[in-house]
Amino acid sequence: MKIQELAAYLGATLHIPEGQEELVNADIVDLAPIDTAGNGHVTFLTNPRLTKQVEGSKASAIILGQALKDAPMAQIICKNPRLAMSLASQLFYKAEHSYEGRSKMAFLHPSAEIHESVVIYPFAYVGERASIGKGCYVYPNAYIGEDCHIGEGCVIYPGAVLMQGTQVGRNVIVHAGAVLGGDGFGFTPSADGNVKIPQKGTVLIEDDCEIGPLATIDRATFAQTVVKRGTKLDSQVHIGHNVEVGEHSMLCGQAGVAGSTKIGKRFVAAGQAAIGPGLEIGDHVVLGPRAGMTQSQKNPGEYMGMPVVPAQDWRKQAIAIKKLPDLIKKVNQLEKRLAELS
Amino acid sequence: MKIQELAAYLGATLHIPEGQEELVNADIVDLAPIDTAGNGHVTFLTNPRLTKQVEGSKASAIILGQALKDAPMAQIICKNPRLAMSLASQLFYKAEHSYEGRSKMAFLHPSAEIHESVVIYPFAYVGERASIGKGCYVYPNAYIGEDCHIGEGCVIYPGAVLMQGTQVGRNVIVHAGAVLGGDGFGFTPSADGNVKIPQKGTVLIEDDCEIGPLATIDRATFAQTVVKRGTKLDSQVHIGHNVEVGEHSMLCGQAGVAGSTKIGKRFVAAGQAAIGPGLEIGDHVVLGPRAGMTQSQKNPGEYMGMPVVPAQDWRKQAIAIKKLPDLIKKVNQLEKRLAELS
Amino acid sequence: MKIQELAAYLGATLHIPEGQEELVNADIVDLAPIDTAGNGHVTFLTNPRLTKQVEGSKASAIILGQALKDAPMAQIICKNPRLAMSLASQLFYKAEHSYEGRSKMAFLHPSAEIHESVVIYPFAYVGERASIGKGCYVYPNAYIGEDCHIGEGCVIYPGAVLMQGTQVGRNVIVHAGAVLGGDGFGFTPSADGNVKIPQKGTVLIEDDCEIGPLATIDRATFAQTVVKRGTKLDSQVHIGHNVEVGEHSMLCGQAGVAGSTKIGKRFVAAGQAAIGPGLEIGDHVVLGPRAGMTQSQKNPGEYMGMPVVPAQDWRKQAIAIKKLPDLIKKVNQLEKRLAELS
């Protein structure tokens, strides 16, 4: 792709260093970071701390937010350089799947409906009445239980488990070892022990979701646990039974959502954040790292702490807590002086 | 099952709406939530917020704690409706396992003792001298190492791993991807690096336990890591080496128990709670969400915070911390006014 | 091994009870804890609370830090008894791997270079151009993706996943179900949803590392995520993309390192501790249980809290917080009395 085509694709303005006008037709074959990009590469400046490195870069082009004088390469100037970098990187990247066809070392139940284009690696298991749409890849040791339905263009990576009845939309990536549709954690304590509440529901993953390595999404007690369109879960995220996570959300590593919590769209949870159970959460709620939300929250905004408060309040509290041991001493002194006075 | 039989089974009192006396002999074929239950279904009222929905429900019967006038269906009145609902749901549910017999695509060591009734899915591995009792199911990609012993009626779900020597009692469910008997985390730092302490012990899971998806239970350094009878672990729970978890405990998602902690019976850990290492914990201890217990505790009760305090104290602290930034200002003002006075 | 040989191997001083001089030549065949050690065993005293049990122990020898009078066995006196115990235990222990040769039920791509000594269990998968060094074991359901390289003497336990391009040094243990090289969590939010940043980098695990059960180490966006020589990760630890963990570090259960954090050597993270993203951490930093480090830190030392402070400060804060509700009352009283005075 020529540099001017790339700039056009990204809706960007193109600045060419003086005397290098022929650069507009130079071919770009890959995207790489500033320090390793070479001739034929587009690089990017999304971290201002790296600005000094631009001058020495050998990249043919750079994606950035504002023109830099002295930059020795074509400048592709965008409103959102990180977004442009993401889109550009996708242009030069395609996930590779080395296997072809259907392995005879896999188990495919005769009643399963598997599109002819689907690649099945050895040791994959596809159960009764399951269906797998066009262009999917099912890696080794993946388990697709009975009555699972997987839409077009999905990748089920090694060891991922879709228990009975799990529904997966189109263009979903299930990373290695993730478990979808394990039993929800439902028990009633009694004199005789913890009585299991059968978990009869299922899991629904809508289109364009990504489920991280070793994430768990439990099946519902009744009805469905739902992860809505475009939502991305990082490694080791846990989603409890009967939860709904709204569209285009992002949950970072080791975050957890306890049972029956309903979350709006564009929810963000930083690492190890947790929420629930049984809450109603509005759109555009952001939990900071390890925030713990234990009450319903309709208002958008960033929350921190356990239990959460608005992030700006939490920062004040965190500073105040550092002063607390001295505050106690000061109050004791005030008390003494006041006693002396009165 | 007829409604009056169900009421009798649950030890419940039956109230029939006037003029519908024939309902006592109506057949119940399933249990469902209020909004989706239909004719032939029993529903339940365990969440008071749903009381308004009862009148419009099409269920033939309802399990609840107190009679509701205007309820249009048979009322099955119980002391503990949640327990009754759990028991009733079990009546109409049986976990399904679609496979039958022993797959030739599995690996079964000739020295393994596998009861003739055991169902073995493709790609399961059963090692030397392992034994598997009557009525068990071993799902695809499950690994049963050497000298593992599994009692009657267990289900080992896809990708679950029982490392060498793991002992499992009767009626245990090991969910997908759980790892039992991985090495405990034992190292001694030295000038040459971290020196491994061989982990020579094993893991014992007693009867009626349930081990959640992607939970980990490490083998002991010596002797055994023990999960006692009736205890239930949720997804991604971690149990360190040499731990003992007492009978009928419940550990929710992502909770962790550090090495050598001995816990009494009916322990409850909410999500992401953690405890240990090396502690002695009495019976009936409850950790709230993300509570962190770092000292031994003989007294029953609910604990919160990091480090934990009794839950009612933690709630006061949480409120007080919100006031802390203002408190600091107030104390500074008091100090000034006191200085002016004196 | 004779007792005097063992003492010499450990660089220890040997004390023999009077009249039992022949003990120096007694054979030691195993190491066991005080309460279960018998004749022919060496035991150890690393926990002072067990000192009383020494007198009743039937062990032939004991490793300890200071001579105990009345100890009825040979005393192997070391500066660092825990280290000596670890080294001694290794002498009498060898991990067992019951399988031999290469299973015909495994999938080995013809282009993979697998040393003739490597043991491959059934249902293992080794992809294109992968290489596996001398003396390795690849357990059932392990997945070794294309272009992975594994050095000599490694063990890849059941269900472990090495995604494409993962590099593993010598004498590395990858425990069951760990996932190396899953995609890093990189997305850019946009009006159209979360745009994926392709994760084109890989993972490098240097020599002598140990990766715990169900740990996750994400591949880099570009370049490599690196776990350096001798570092040990416990169960369910998560390492984000582009992270570097320095040599001889230890990360305990459920700890997490967020993306692009560079950590020095001999880092220690207690259970559920977390750090990052994007930080620079010096050598010898220790995070206490569930500490949350959100800013770069060059100084060695132990840190606690969220956000972290030096551990001794955190302990003071924790005590102070318990007093906070009463402090608020006291300040209110002081305010009243001051108002009365003025």
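Rounded to the nearest Hz, the phi-derived 3J(HN,Hα) couplings of the stretch A:287-298 under the Karplus curve 6.51 cos²θ - 1.76 cosθ + 1.60 (θ = phi - 60°) are 9, x, x, 6, 5, x, 9, 10, 9, 4, 8, 8, where x marks glycine and proline.
Hey, got the average number of other protein chain Cβ atoms within 10 angstrom for residues in A:313-319? Could the numbers behind the result be given before it?
On the way: counts 3, 3, 2, 5, 5, 8, 4.
Across A:313-319, the average partner-chain Cβ count within 10 Å equals 4.
Modelled spin labels at A:Asn39 and A:Asn25, positioned 7 Å past Cα toward Cβ, are 1.8 nm from each other. Each copy carries C:Pro300; placing its label point 7 Å along the C-beta direction from Cα gives inter-copy distances of 4.8, 4.8 nm, listed from smallest up. Is the protein assembly as shown best put as rounded, prolate or oblate by its Cα gyration tensor, with a ≥ b ≥ c the root eigenvalues, rounded for a/c under 1.5, and otherwise prolate when a/b is larger than b/c, oblate when not? The shape class here is rounded.
On average, how many beta carbons from a partner chain sit within 10 Å of the beta carbon of a residue in C:81-89?
Values: counts 1, 7, 7, 2, 3, 10, 5, 1, 9.
So the per-residue partner count for this stretch is 5.
Each other copy holds its own label point for A:Pro17; taking that point as 7 Å from Cα along Cα to Cβ, the gaps run 8.4, 8.4 nm, nearest first. Straight-distance candidates among the lysines for linking to B:Lys200, with alpha-carbon spacing under 23 Å and chain neighbours fewer than 8 residues away dropped: B:Lys228, B:Lys262, C:Lys2, C:Lys58, C:Lys94, C:Lys232.
Separation of the stretch A:31-46 from the stretch C:277-342 is 43 Å, based on Cα centroids.
Between copies, the label points at C:Lys329 (set 7 angstrom from Cα along Cα-to-Cβ) are spaced 2.5, 2.5 nm, reported in nanometres from shortest to longest.
Given 4 °C and 1.567 mPa s, compute D for the stretch B:141-231 with the Stokes-Einstein relation, Rh being the Kirkwood radius over Cα pairs; round to the nearest whole µm²/s. Before the final figure, lay out each step's value.
Values: Rh = 13.3 Å.
Result for D is 98 µm²/s.
Taking a probe of 1.4 Å and counting only protein heavy atoms, give the total accessible area buried between chains B and C in Å², rounded to the nearest 100.
Working: alone 18910 and 18900 Å², together 32560 Å².
In total, chains B and C hide about 5300 Å² from solvent.
Ratio of Rg to Rh for the stretch A:96-184: 0.91 [Cα atoms; Kirkwood radius as inverse mean 1/r over pairs]. Remark: the stretch A:182-310 carries a charge dipole of roughly 160 debye about the Cα centre, counting +1 on each Lys and Arg Cβ and -1 on each Asp and Glu Cβ. Evaluating 6.51 cos²θ - 1.76 cosθ + 1.60 at θ = phi - 60° for every residue in the stretch A:106-121, the Karplus couplings come out as 9, 10, 10, 5, x, 7, 6, 9, 10, 4, 4, 7, 6, 9, 10, 6 Hz, glycine and proline recorded as x. Remark: relative contact order (chain C) = 6 percent; criterion is Cα-Cα distance under 8 angstrom and separation of 6 or more residues.
Between the listed residues A:Ser235, A:Gly246, A:Val268, the Cα displaced farthest toward the positive end of the dipole of the stretch A:107-311, a dipole computed from Cβ unit charges relative to the Cα centre, is found at A:Val268.
Around the amide H of B:Thr225, modelled in the peptide plane, lie the amide H atoms of B:Thr202, B:Val203, B:Leu204, B:Ala220, B:Asn242, all under 5 Å away and 5 or more residues distant in sequence or on another chain.
In terms of the Cα gyration tensor, with a ≥ b ≥ c the square roots of its eigenvalues, is chain C rounded because a/c is under 1.5, prolate because a/b exceeds b/c, or oblate?
Numbers: a/c = 2.82, a/b = 1.04, b/c = 2.70.
Oblate, because a/c is 1.5 or more while a/b does not exceed b/c.
Label-to-label distance for C:Arg49 and A:Lys104 is 6.1 nm, based on points extended 7 Å past Cα in the beta-carbon direction. From the alpha carbon centroid of the stretch A:105-151 to that of the stretch C:64-93 is 56 Å. Entry comment: accessible area of the protein assembly as shown is 40 Å² per residue, from protein heavy atoms only and a probe of 1.4 Å. If R0 is 41 Å, the Cβ-Cβ spacing of A:Glu280 and C:Glu128 corresponds to a FRET efficiency of close to 0.25.
The aspartates and glutamates within cross-link reach of A:Lys298, meaning a Cα-to-Cα straight distance under 20 Å and a gap of 8 or more places when in the same chain, are A:Glu244, A:Glu247, A:Glu280, A:Asp283, A:Asp313. About the centre of its Cα atoms, chain A shows a dipole size close to 1320 debye [charges on the beta carbon of Lys, Arg (+1) and Asp, Glu (-1) only; nearest 20 debye]. Of the solvent-accessible surface of the stretch A:107-311, computed with a 1.4 Å probe over protein heavy atoms with every protein chain present, carbon and sulfur atoms account for 49 percent.
In order along the stretch B:214-231, the phi-based Karplus estimate (6.51 cos²θ - 1.76 cosθ + 1.60, θ = phi - 60°) of 3J(HN,Hα) comes to 6, 6, 10, 10, 7, 5, 6, 5, 10, 6, 9, 8, 10, 10, 7, 3, x, 7 Hz; Gly and Pro are listed as x. Can you give the FRET efficiency to the nearest 0.05 for C:Ala8 and B:Gln295, using r as the Cβ-Cβ distance and R₀ = 41 Å? E(calc), rounded to 0.05, equals 0.50. Ranking B:Tyr121, C:Tyr137, C:Tyr157 from most to least accessible surface, computed with a 1.4 Å probe over the protein chains only, gives C:Tyr137, C:Tyr157, B:Tyr121.
Database remark: amide H of A:Ser190 closer than 5 angstrom to the amide H of A:Val195 (H placed geometrically; neighbours at sequence offset of 5 or more, or on other chains; Pro and chain starts carry no H).
Kirkwood-type hydrodynamic radius, the stretch C:3-91: 12.4 Å, calculated from all non-identical alpha-carbon pairs.
Ignoring ligands, DNA and RNA, what percent of the 1.4 Å accessible area of the stretch C:3-91 is carbon and sulfur?
Its accessible area is 48 percent carbon and sulfur atoms.
Projected over every direction and averaged, the convex hull enclosing the alpha-carbon atoms of the stretch B:107-311 yields 11.1 nm².
Amide H to amide H, with H built 1.01 Å from N, A:Ile239 comes under 5 Å of A:Thr216, A:Ile217, A:Asp218, A:Val257, counting only residues 5 or more places away or on other chains.
The values are calculated or read from the model by the stated rules, or taken from the named source; none is laboratory data. Just so we're clear, the structure is a prediction, and the values are computed from it rather than from any experiment. Methodologically, a virtual Cβ is constructed for each residue, glycine included, from the backbone with ideal geometry; neighbour enumeration extends over all protein chains shown. Quick note on the areas: whole protein, heavy atoms, side chains included, nothing else; ligands and nucleic acids left out. Shrake-Rupley method; radii C 1.70, N 1.55, O 1.52, S 1.80 Å.
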